[in-house]
Every structure is written in structure tokens, then in C-alpha cells.
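Data block below; observations after.
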Amino acid sequence: MPYSLPRHHWFAALLLASTGPTPCLFAQNSSAVPVVAVEARSEVVTEKFVLTGTVTPRQQAALSPRAGGLVETVHVDAGAEVTQGDVLVTLDAAMAKLALQATESQLAQAQAQLAESERLVKEAKDLLERNSIPETQVMTREAEVAIAAAAARRADAAHRQQAELVARHHVVAPFSGVITRKLTEAGEWVTTGTPVMRLVSLEGARVDVQVPQERISAITPRTPVEFELASDPGNLIPGTITARVPVSNPDTRSALVRIEPRESSAQVTPGKSARVTFRLASDRPVLTGPRDAVIRRADGTVNAWIAEPAGSGWTATMRRLELGRTFSDQVEVRDGLEAGQLVIIRGNETLQPGQAVRLENN
């Protein structure tokens, strides 16, 4: 498992109990400066990488009518929760309904004509059996049935088409959610494609975050991640990375990473800001030292004091460091320090090179 180096844990008196002087011997030098030191270690460590993201809905839509017309009734307002199939807006469909009645009459006429043609065919066949009419007359009546059947199908299609046009004068909710904006009022004329409502799903919300292109390769679907909403700070919600788009946006030089809450009961509302924390494990063991040991000078150099054995005691030696990444209270040391060396973190404010020091527990 990734390891984050705790502060003030390995002390010189414990580390060198078998190879060096004991703590009580160090105390014999009364002029030595008391200090606290910890051991630098080479380990796999975890870095907290924090970014700001936005909660986005799984589904959102700008709803518009499928037919043009005058708005007759607006059934909901902004903030209303609706269920899939609910009628949101009704347009004036008087003319479409009249046309529907006409197609109903035409369909009834065509069906009656078909029924009459079928009756005449049956009658003709009975007469043919008694040799009362020629066979060609039966064939003629059968052709008339086929023509009447085609006319009935055409009338039925026209009726269903007109019924669909009437239905298109209603704007219905394609999924359950909440109305975020009402964009029309009764009496307005709207056309196909004119947005009249904005609908957002409240279920399945997720967090979208833009990750700098230089860090996207370190994030995988298995990377531990959690987030907290700006409206509820301190409440960490465990998440799972469900989408990772490695293609960077040329404008922002960043790539999209999508996180979904691990627990379905988490209350995540679209539109809110979220603070996302990725826990990135180093790909190999790195040498780390405590941040408290780092001394930055005005000339830009970075140094640290090292406790080194000197006879029966210890002396302070300054080392120039080359640092890398920061891991919580630890920093990566790329040069200037070796694993196992004791880095002074307390009492290093006024040390001088070669000064005697006494190691103590913190």
C-alpha cells in the first residue's frame, strides 16, 4: 500500500541503539543544542492532488415543441419536479383536431367500403357455385376488395398521422427531473426548435473536473478519489473514476475526468462546486524528508541540517538539497540526501556547521 511518511517518528536514539551511543550519553555534553531529528526513507508515498470540479447532471435537455403554434397552457414553473411523460406545455391544437376528425370520417368510410366489397365477393362466390354468374365477375369483385383494402390502409395511415400531429402540440418530459428554467408563457407563438423549458435530471449526478495535461497520465480508473461539495465542506464523499478523456482541450491544456459517488445515497446536486482530491501513489520508491527540515534561503537555494555521528555525540552538517514533489508533510529529495540519514526538524533555526547537537524525542 502507498505510504505517507509520518512526522517525528524515527528518532536517532532508537535508530542507532545498536551501533552508536545511547541517549543518556548524549546528555553528558551540556553545551550541545537539543534537536529533534527523523530518518529520511526511500518508500512508495501518496500525494494528495486537489482540483476544483463541477457537479453535472447525467441528463439535461432544452425542451421544444414538435409543432409550431400558440402556447395555450404552461403547466409547470421553474423548480417543479416532474416525472417522465408529464405534460409540461400545451399548444393550441384546434385546427389539428378538426383535421383529425376529418381523417376519422375518411377512415370510417374506407372501412365501410371494404366491408361492402368483401360482402359482394362472398355473394359472387355463392352465385358462382350455382353457375349463376361468370367467374370473371367474381375476379372483378375480388379486385375491388383489394382496392378497398388499400384505400382503408391509406385512410388509417392518414388518421394516425393526424393523431400524431395533435399529440405533438404537447411538450412532455422525456425523463424525470426538475425544471430549471421556464422560457415561455401562455399566448406566445413558438416554432419547432424553440426552447420552452430546461429540464435537468437529479439522479446520477457526477463531478466533472479538468486535469492539467501533465498530470492526466498519473490518473487511472483505480486511483483513489474523494470530493466534498462547497455547500457541505468537511463531508468527504468517496468516488469512483468512471470516465477519463486523455485528449486535452487546446484552449485550457487540460483533460476531462468524471467521478461518480460510490454510494447511491449521496446527495449530490447538479451545478454545485466540488473540491476533488486524488491520491496519487508514486510509481517507484522515492526518497523523502520532512517539510519542517527544509530551509529556503534568499538566494534560492534549499538546505537542510543533518545530524552526523561525532565521537560519542552528534554534530550538525548543512546539506544543499534538490527537491521534487510535495507529499502532505513530506517532500521528495532528488539530490543532497541519502536514505537513513537523520534530518533535523526542530532546533535547526540557529545551528552552525559542526555545532554539537543532542538528539531528543519530540
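The values are calculated or read from the model by the stated rules, or taken from the named source; none is laboratory data. The structure presented is a predicted model; accordingly, all values stated were derived computationally and were not measured. When we count neighbours, we look across all protein chains shown, and the Cβ atoms used for this are built from the backbone with ideal geometry, even at glycine.
So in the range 219-242, with the set limited to residues that are in contact with a strand residue (DSSP E or B) (Cβ under 7 Å, 6 or more places away or on another chain), closer than 30 Å to Ala62 by Cβ and of a type in the set (Gly, Ala, Ser), which one is surrounded by the most Cβ atoms within 10 Å (Cβ to Cβ)?
First, the residues of the range 219-242 that are in contact with a strand residue (DSSP E or B) (Cβ under 7 Å, 6 or more places away or on another chain): 219, 221, 223-230, 234-242.
The next check asks that each one be closer than 30 Å to Ala62 by Cβ; those that pass are 227, 229-230, 237, 239-242.
This time we only want the ones that are of a type in the set (Gly, Ala, Ser), so: 230, 239.
On the way: Ala230: 11, Gly239: 25.
My answer is Gly239.
Quick one: Ala96 ticks every box in (1) surrounded by 13 or more Cβ atoms within 10 Å (Cβ to Cβ); (2) closer than 30 Å to Arg141 by Cα bar one, so which box is it?
Among (1) surrounded by 13 or more Cβ atoms within 10 Å (Cβ to Cβ); (2) closer than 30 Å to Arg141 by Cα, the lone unmet condition for Ala96 is (2).
Which residues, taken from the range 185-204, are outside any loop (DSSP other than H, G, I, E, B) and under 21 Å from the mean Cα position of the chain (by Cα)? Let's see the steps before the verdict.
So in the range 185-204, the residues outside any loop (DSSP other than H, G, I, E, B) come out as 189-190, 197-200.
Selection gives Arg198, Leu199, Val200.
Do you know which residues across the range 31-86 are among the acidic types (Asp, Glu) and at pLDDT 90 or above?
Going residue by residue through the range 31-86, those that are among the acidic types (Asp, Glu) are 39, 43, 47, 72, 77, 81, 86.
Result: Glu72, Asp77, Glu81, Asp86.
In the range 188-205, is there at least one residue being touching a residue at least 60 places away in the same chain (Cβ under 8 Å), among the aromatic types (Phe, Trp, Tyr) and over 30 Å from Arg66 (Cβ atoms)? Steps first, answer last, please.
Restricting attention to the range 188-205, the residues satisfying the condition of being touching a residue at least 60 places away in the same chain (Cβ under 8 Å) are 188-205.
Now restrict to residues that are among the aromatic types (Phe, Trp, Tyr): 189.
Going one step further and asking which of them are over 30 Å from Arg66 (Cβ atoms), we end up with none.
So far as the range 188-205 goes, no, none of its residues is touching a residue at least 60 places away in the same chain (Cβ under 8 Å), among the aromatic types (Phe, Trp, Tyr) and over 30 Å from Arg66 (Cβ atoms).
When the range 124-136 is examined, which residues are found to be surrounded by 13 or more Cβ atoms within 10 Å (Cβ to Cβ) and part of a helix (DSSP H, G or I)?
First, the residues of the range 124-136 that are surrounded by 13 or more Cβ atoms within 10 Å (Cβ to Cβ): 124-125, 127-128, 133.
Correct list: Ala124, Lys125, Leu127, Leu128.
Can you tell me which residue in the range 304-355 is surrounded by the fewest Cβ atoms within 10 Å (Cβ to Cβ), limited to those that are closer than 12 Å to Val294 by Cα and either in the same structural domain as Thr277 (by TED's automatic domain parsing) or of a type in the set (Asp, Glu) (or both)?
My answer is Glu349.
Does any residue of the range 156-173 turn out to be surrounded by 17 or more Cβ atoms within 10 Å (Cβ to Cβ), assigned to a strand (DSSP E or B), modelled with pLDDT of 95 or more and not aliphatic (A, V, I, L, M)?
Yes: one or more hits.
Run down Leu107, Leu120, Leu114 and say which single residue is in contact (Cβ under 8 Å) with a residue 24 or more places away in the chain, in a helix (DSSP H, G or I) and in contact with a Lys or Arg (Cβ under 8 Å, 6 or more places away or on another chain).
Working: Leu107 fails: in contact with a Lys or Arg (Cβ under 8 Å, 6 or more places away or on another chain); Leu114 fails: in contact with a Lys or Arg (Cβ under 8 Å, 6 or more places away or on another chain).
Result of the check over Leu107, Leu120, Leu114: Leu120.
Identify the residue in the range 246-301 that is modelled with pLDDT of 85 or more and polar (S, T, N, Q) and, among all such residues, is surrounded by the most Cβ atoms within 10 Å (Cβ to Cβ).
So the residue we want is Ser254.
Given Pro34, Pro65, which one is in contact (Cβ under 8 Å) with a residue 40 or more places away in the chain and surrounded by 19 or more Cβ atoms within 10 Å (Cβ to Cβ)? First the steps, then the outcome.
On the way: Pro34 fails: surrounded by 19 or more Cβ atoms within 10 Å (Cβ to Cβ).
Exactly one residue qualifies, and that residue is Pro65.
Has the range 227-244 got any residue that is outside any strand (DSSP E or B) and more than 23 Å from Gly271 (Cβ to Cβ)?
Of the residues in the range 227-244, the ones outside any strand (DSSP E or B) are 230-236.
Add one more test, that the residue is more than 23 Å from Gly271 (Cβ to Cβ), and what stays is none.
No; the residues of the range 227-244 include none that is outside any strand (DSSP E or B) and more than 23 Å from Gly271 (Cβ to Cβ).
Look at the range 205-218 and say how many of its residues are buried (at least 18 other Cβ atoms within 10 Å of the Cβ) and within 14 Å of the chain's Cα centre (by Cα).
Going residue by residue through the range 205-218, those that are buried (at least 18 other Cβ atoms within 10 Å of the Cβ) are 205-207, 209-211, 216.
Imposing the further condition that a residue be within 14 Å of the chain's Cα centre (by Cα) reduces the set to 205-207, 209-211.
Summing the residues that are buried (at least 18 other Cβ atoms within 10 Å of the Cβ) and within 14 Å of the chain's Cα centre (by Cα) in the range 205-218 gives 6.
Within the range 284-307, can you find the residues that are touching a residue at least 12 places away in the same chain (Cβ under 8 Å), in a loop (DSSP other than H, G, I, E, B) and more than 13 Å from Val333 (Cα to Cα)?
Those that are touching a residue at least 12 places away in the same chain (Cβ under 8 Å), in a loop (DSSP other than H, G, I, E, B) and more than 13 Å from Val333 (Cα to Cα): Arg284, Thr301.
Determine whether Arg279 is farther than 21 Å from Thr56 by Cα, assigned to a strand (DSSP E or B) and among the basic types (Lys, Arg). Write out each step before concluding.
Details: farther than 21 Å from Thr56 by Cα: yes; assigned to a strand (DSSP E or B): yes; among the basic types (Lys, Arg): yes.
Answer is yes for this residue.
Could you check Ser264 against (1) in contact with a strand residue (DSSP E or B) (Cβ under 8 Å, 6 or more places away or on another chain); (2) assigned to a loop (DSSP other than H, G, I, E, B) and say which number it fails?
(1)
Residues that are out of contact with any helix residue (DSSP H, G or I) (no Cβ under 8 Å at 6 or more places or on another chain) and assigned to a strand (DSSP E or B): does the range 211-222 have at least one? Full working, then the answer.
Filtering the range 211-222 down to residues out of contact with any helix residue (DSSP H, G or I) (no Cβ under 8 Å at 6 or more places or on another chain) leaves 211-222.
Those left that are additionally assigned to a strand (DSSP E or B): 211-212.
For the range 211-222, residues out of contact with any helix residue (DSSP H, G or I) (no Cβ under 8 Å at 6 or more places or on another chain) and assigned to a strand (DSSP E or B): present.
I'm trying to understand the selection: among the residues of the range 174-184, which are part of a loop (DSSP other than H, G, I, E, B), more than 19 Å from Thr269 (Cα to Cα) and touching an Asp or Glu at 6+ places or on another chain (Cβ under 8 Å)?
First, pick out the residues of the range 174-184 that are part of a loop (DSSP other than H, G, I, E, B): 174-176, 183-184.
Checking the rest, the ones that are also more than 19 Å from Thr269 (Cα to Cα) come to 174, 183-184.
Listed by number, the list is empty, since nothing qualifies.
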